[in-house]
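Colleague: Below: one structure in structure tokens.
The values are calculated or read from the model by the stated rules, or taken from the named source; none is laboratory data. Note that the structure is a prediction, hence the values are computed from the model and not measured. Virtual Cβ from ideal backbone geometry, glycine too; neighbours counted across all protein chains shown. Just so you know, the surface numbers come from the protein's heavy atoms only, side chains and all, with ligands and any DNA or RNA stripped out. Shrake-Rupley method; radii C 1.70, N 1.55, O 1.52, S 1.80 Å.
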Amino acid sequence: MPPTLAAVAALPQLGLRSLTGPLPDAPVVWVAVSELEDPTPFLEGGELVLTTGMRLTAGGAARYVDRLVGRGVAGLGFAVGVIHPGVPPELLAAARDRGLALLEVPRPTPFIAIGKAVSRMLAAEWYEDVTRAFQAQRELTRAALTGPGALVRRLARLLGGWALLLDASGA
């Protein structure tokens with residue numbers, strides 16, 4: 001399972017601050033940096049979108065948030081002190097109204113640091129999955145050496161469910 005937005009925001013070295021209340025357990029599948037008025041054609045959903053708001057206008061804030069919500073992004077990180085001294089109130093209001101998690105990215109935090117942190121979290125999850133699969137394969141191989149009953153019992157335990165071994169006639 002990818003890291004959650006709450007887990008990413010909790011990394012103290014990033015200094016991220018939620019402006020829309022408690023963060024959801026939305027999975028963050030990647031970090032996308034964009035200054036486009038509509039980045040959604042380049043997103044798949046689940047991203048933490050980062051922006052300085054270079055092209056954001058007060059009148060376009062609600063449409064921008066609507067597009068991000070419609071695409072299913074995990075959240076929006078807005079860098080303060082680069083283009084805008086703070087998060088524009090229209091953007092904050094639109095995010096709150098539409099349920100989009102909005103994070104304030106402090107000026108000292110480079111976007112690349114956020115991307116690297118998420119990448120490390122994703123890599124750790126992938127490594128854990130591979131390690132778990134390798135361990136399961138070893139357990140199944142050992143069980144197979146003792147017979148089909150042991151193999152089926154071990155498989156059921158690893159799956160957290162049940163398993164059934166049938167012969168060609170269904171017995």
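Colleague: Starting at the first residue of region 141-150, write each ³J(HN,Hα) from the Karplus equation 6.51 cos²θ - 1.76 cosθ + 1.60 with θ = phi - 60°, in whole Hz, x for Gly and Pro.
Modeller: Calculated HN-Hα couplings, in order: 5, 4, 5, 4, 5, 9, x, x, x, 5 Hz.
Colleague: How large is ³J(HN,Hα), in whole Hz, for each residue of region 74-80 in order, when computed from phi with the Karplus curve 6.51 cos²θ - 1.76 cosθ + 1.60 and θ = phi - 60°, using x for Gly and Pro?
Modeller: Result, rounded to whole Hz: 6, x, 10, x, 10, 7, 9.
Colleague: Quick one: 3J(HN,Hα) in Hz for region 61-70, Karplus 6.51/-1.76/1.60 with θ = phi - 60°, rounded, Gly and Pro as x.
Modeller: So the J values, rounded to whole Hz, are 4, 5, 5, 4, 5, 4, 5, 5, 5, x.
Colleague: Placing unit charges on C-beta atoms (Lys and Arg positive, Asp and Glu negative, everything else neutral), compute the dipole magnitude of the chain about its Cα centre in debye, rounded to 20. Could the numbers behind the result be given before it?
Modeller: Numbers: 16 positive and 15 negative charges, 99 e Å.
About 480 debye.
Colleague: For region 1-99, what is the relative contact order in percent, using Cα pairs closer than 8 Å and at least 6 residues apart in sequence? Walk me through the numbers before you get to the answer.
Modeller: Numbers: 142 pairs, mean separation 25.8, N = 99.
Over region 1-99, the number comes to 26 percent.
Colleague: Would you pull out the residues with amide H under 5 Å of residue 50's amide H, same chain only if 5 or more places away, H placed 1.01 Å from N?
Modeller: 32, 33, 34, 77
Colleague: Which percent of the accessible area of region 1-117 is formed by carbon and sulfur heavy atoms (probe 1.4 angstrom)?
Modeller: Taking all protein chains in place, region 1-117 shows 59 percent carbon and sulfur surface.
Colleague: Per 5 Å bin, what is the whole-percent P(r) computed from every C-alpha pair distance within the chain?
Modeller: Final binned percentages: 1, 8, 15, 17, 14, 9, 5, 6, 6, 6, 5, 4, 2, 1, 0.
Colleague: Kindly work out what percent of the DSSP beta bridges joining two residues of the chain are antiparallel, to the nearest 5.
Modeller: Details: 3 of 15 bridges.
The antiparallel fraction comes to roughly 20 percent.
Colleague: Relative contact order of the chain: what whole-number percent is it, with Cα pairs under 8 angstrom and at least 6 residues apart?
Modeller: Numbers: 245 pairs, mean separation 37.6, N = 171.
Reported relative contact order: 22 percent.
Colleague: By how many nm would the segment from residue 135 to residue 163 grow when fully extended, if each residue of separation counts as 0.36 nm and the alpha-carbon distance is taken off? Each step should come with its number before you reach the end.
Modeller: On the way: separation 28, 0.36 × 28 = 10.08 nm, distance 1.88 nm.
Once the chain is fully extended between residue 135 and residue 163, it gains 8.2 nm.
Colleague: Measure out, as a whole number of angstrom, how far apart the alpha-carbon centroids of region 71-136 and region 7-41 sit.
Modeller: When both Cα centres are located, 2 Å separates them.
Colleague: At R0 = 45 Å, how high is the FRET efficiency between residue 145 and residue 38 if r is their beta carbon distance? Nearest 0.05 is fine.
Modeller: On the way: r = 58 Å, r/R0 = 1.29.
Taking R0 as 45 Å, the efficiency between residue 145 and residue 38 is 0.20.
Colleague: Now for a different question. If amide H atoms are built 1.01 Å from N in the plane of the peptide, which residues on other chains or at least 5 residues away come under 5 Å of the amide H of residue 105?
Modeller: Residues meeting the criterion, in which the H sits 1.01 Å from N, are 78, 79, 80.
Colleague: Same structure, new question: Given labels modelled 7 Å from the Cα in the Cβ direction, how far is it in nm from residue 10 to residue 55?
Modeller: In this crude spin-label approximation the distance works out to 3.6 nm.
Colleague: Okay, next question. Where does the chain land at 222 nm, in deg cm²/dmol rounded to the nearest 500, when only DSSP H runs of n ≥ 4 count, each adding -39500 (n - 2.57), divided by all residues? Don't skip to the answer; put the middle values down first.
Modeller: Details: 5 runs with 74 residues, N = 171.
Helices in the chain give a 222 nm mean residue ellipticity of -14000 deg cm²/dmol.
Colleague: Additional query: Using only the Cα atoms of region 85-171, what do you get for the radius of gyration and for Dmax, in Å?
Modeller: 24.6, 73
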